[in-house]
Every structure is written in C-alpha cells, then in structure tokens.
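Here is the structure we will look at, set down as structure tokens.
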C-alpha cells in the first residue's frame, strides 16, 4: 500500500478482511512503475497484486470520446485501476502502468467532489459509472465501496450510477434496493467467447442470474454487447445469447443496451499475440480506422449491429439500443439516422431518470 493510504477506513477494512496476507508499504505507487517494453511479462502479476492508494486527481472524468465517433456523454468515476479478470481484448492492457490492481481508498474525497459538482449544477443529469477502468464488482466484497455509493446516489434525484461488471456476486448489495437510481450493468458475450477470451470472468448464465437478482431487488439493468467478436458461427451464438437474455430478464427492468464491435490500438495486437497466442482475437482481419484503432470493416460491423438490433427488439422490447463509439455513417446504416452527441446524451439521461424520451 502507499504510505499516505494507511489511515483510511477502507484500508483498515481491507486489511481486516485479509488477515495473514503480506503487506508492503511504499512511499508512492510510481516506484512500482516497470519498464514499458516488458509489458507482457508483468501484466500477469498485475492481476494478482492489490495496491491501496490515494487518488490525487479528480475522481470524475468524462469518458474519453474520439473525434468523428459519437460519444454518449458518459461520466467515469475512477475508483480503481485495472481488473482481476484477464480478457484477451481488454484495452487496459495498453494503459495500465502499475503492476497491480489499484484501489483508491480516500472515499470521503470522492463524495465531497460529487456533492460539490452536483450542487454547482443542480439541473444537470449526472450519469456516471465505475466500470471503465476496472470491474465494478469483482473486488467489492473486499473493499465495500458500492455499499457507500448506492445510498449516496439514492439521495440525489439528478444522479444515476451504473455499476458495470462481468462478475456474478452481488448478494451483499441486494438489501440496498429498491433503488431506481442505480443501474447494474453486465457485459455480455456468447459462452464460447466468455470461455476462450474472458479469463476469470463469470459464465454467461451466471451473469444473467445475477442480473435477475438485481432486478428482483428493485434495481434497474443495462447490458453491453461490447466487444462484439466476429468468429465462425457468430450468428447462432449471439442469437442464442440474446435469447437467454430475453428468457431470464424482464424487459421493463432494462434501461439501455449498447453495441460495440471489437476494436483496439494497433500496438495491442502484438501484446495479445504475446500473452494469448491461442486467442482468435488478434488473428481477425481488421483495418485502421480514423480514430487510429483497428476495427472490423464497415460492412461487417453493420451486419453485426443489424442482426443484434433485430434480435434485441424481440428479446427486450422497449429497451433503448445504441452504438458505442461508432461513426455517424454506421448509425445511418443500422438505424436510418444518427443522433448528435448532445441528443444521444439527452436520450440516455432521460432513460436514466425514467423520463419520456426527448422529442427534438
């Protein structure tokens, strides 16, 4: 742990729940920074080491959108960095620079920041989430941050929290429902992809079972088919996955569903090949898109999105389906129109607050 992190309640809680686990105190996390060119060798270690640290910058950060691609205006709460799961396609492989799963323990500063921002803009909708830089639930029984976050959002009628995960265990949070301002969200893929490409993540059916538990406890849900992976047999596999969603989840509980095809920075292809030589991810034919990332060709992305949209319309009627970080041209091909970024944000904000969709 960082030396400045020693006296925080979260630190005391985590250490009490890990009796006998060796603890090393370091002056600051930067001393752990390894050599960049050795990334593939230290990334496995980063999945099994926990670092308790103090967040020195802002917790809330706007989602890093990309020029020429439509962003939904999501706000990210950076309460942790890195993840105990090890998905072959994970973009964090290219960004993590400390060989550990870092959890920020100065939670009181997080709440003070949120209160100040909400009070400064009382008419703004705050649609925020904790699952962009690490899984929102994988370590929650240990660190306990959601037990504090969920009641906080219940007290602010213009703020909605999305807890995004590939994990299965949330029984310790169900007593905090019903709470319509908290949305539990799961990333979904066919079981073939979960088994081969999402190491240590919960199986597909376990995620859907957890989602059903959350809905029964009075929480709303979201689902993210992201990344959608093309492979021989993808159509039958994704149709089956959507069918399971429709069978197990009440449509009225779903706030939104996003679609996003596989994409990553070019340098990550070599990293995937080094770390996961049997993975099918890096072997796909892709093209460098205007945002600098490798993506499937436009025609294939269009086919993936159109088919999933068709199946979701039957399995989850009424759910707001949107594309994550896609071009206006793809929106036009799939939906027959493309929203501006402000319009998409307003539509999602309205869903977040259970309001009628904007008409303009």
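Among the helices (runs of 4 or more DSSP H) contained in region 179-274, which hold 2 or more residues that are closer than 16 Å to residue 162 by Cα and either touching a helix residue (DSSP H, G or I) at 6+ places or on another chain (Cβ under 8 Å) or touching a residue at least 60 places away in the same chain (Cβ under 8 Å) (or both)?
Details: elements: 191-197, 204-216, 234-248.
Here the list reads 204-216.
Criterion first (closer than 30 Å to residue 116 by Cα, in contact (Cβ under 8 Å) with a residue 12 or more places away in the chain and either surrounded by 15 or more Cβ atoms within 10 Å (Cβ to Cβ) or in contact with a helix residue (DSSP H, G or I) (Cβ under 8 Å, 6 or more places away or on another chain) (or both)) does residue 84 satisfy it? Judged against the criteria, residue 84 is not a match. Looking at region 52-63, can you tell me whether even one residue there is surrounded by fewer than 17 Cβ atoms within 10 Å (Cβ to Cβ), under 20 Å from the mean Cα position of the chain (by Cα) and either more than 30 Å from residue 270 (Cα to Cα) or modelled with pLDDT of 95 or more (or both)? Yes: region 52-63 contains one or more residues that are surrounded by fewer than 17 Cβ atoms within 10 Å (Cβ to Cβ), under 20 Å from the mean Cα position of the chain (by Cα) and either more than 30 Å from residue 270 (Cα to Cα) or modelled with pLDDT of 95 or more (or both).
Just checking, does region 279-290 include any residue being surrounded by 14 or more Cβ atoms within 10 Å (Cβ to Cβ) and assigned to a helix (DSSP H, G or I)? So far as region 279-290 goes, no, none of its residues is surrounded by 14 or more Cβ atoms within 10 Å (Cβ to Cβ) and assigned to a helix (DSSP H, G or I).
Can you find even one residue in region 109-123 that is under 23 Å from residue 228 (Cβ atoms) and without any contact (Cβ under 8 Å) to a residue 24 or more places away in the chain?
The initial filter retains those residues of region 109-123 that are under 23 Å from residue 228 (Cβ atoms), namely none.
No, region 109-123 contains no residue that is under 23 Å from residue 228 (Cβ atoms) and without any contact (Cβ under 8 Å) to a residue 24 or more places away in the chain.
The residues of region 153-166 that are over 17 Å from residue 345 (Cα atoms), at pLDDT below 95 and surrounded by 17 or more Cβ atoms within 10 Å (Cβ to Cβ), listed by number, are 153, 154. Of all residues in region 275-307, none satisfies the criterion of being in contact with a helix residue (DSSP H, G or I) (Cβ under 6 Å, 6 or more places away or on another chain) and on the phi > 0 side of the Ramachandran plot. Output yes when any residue across region 336-351 is over 30 Å from residue 44 (Cβ atoms), surrounded by 13 or more Cβ atoms within 10 Å (Cβ to Cβ), in contact with a helix residue (DSSP H, G or I) (Cβ under 6 Å, 6 or more places away or on another chain) and touching a residue at least 12 places away in the same chain (Cβ under 8 Å), and no when none is. Yes, region 336-351 contains at least one residue that is over 30 Å from residue 44 (Cβ atoms), surrounded by 13 or more Cβ atoms within 10 Å (Cβ to Cβ), in contact with a helix residue (DSSP H, G or I) (Cβ under 6 Å, 6 or more places away or on another chain) and touching a residue at least 12 places away in the same chain (Cβ under 8 Å).
The values are calculated or read from the model by the stated rules, or taken from the named source; none is laboratory data. None of these values were measured; they are calculated from a predicted model. Please note: Cβ atoms are built from the backbone with ideal geometry, for glycine as well, and neighbour counts cover all protein chains shown.
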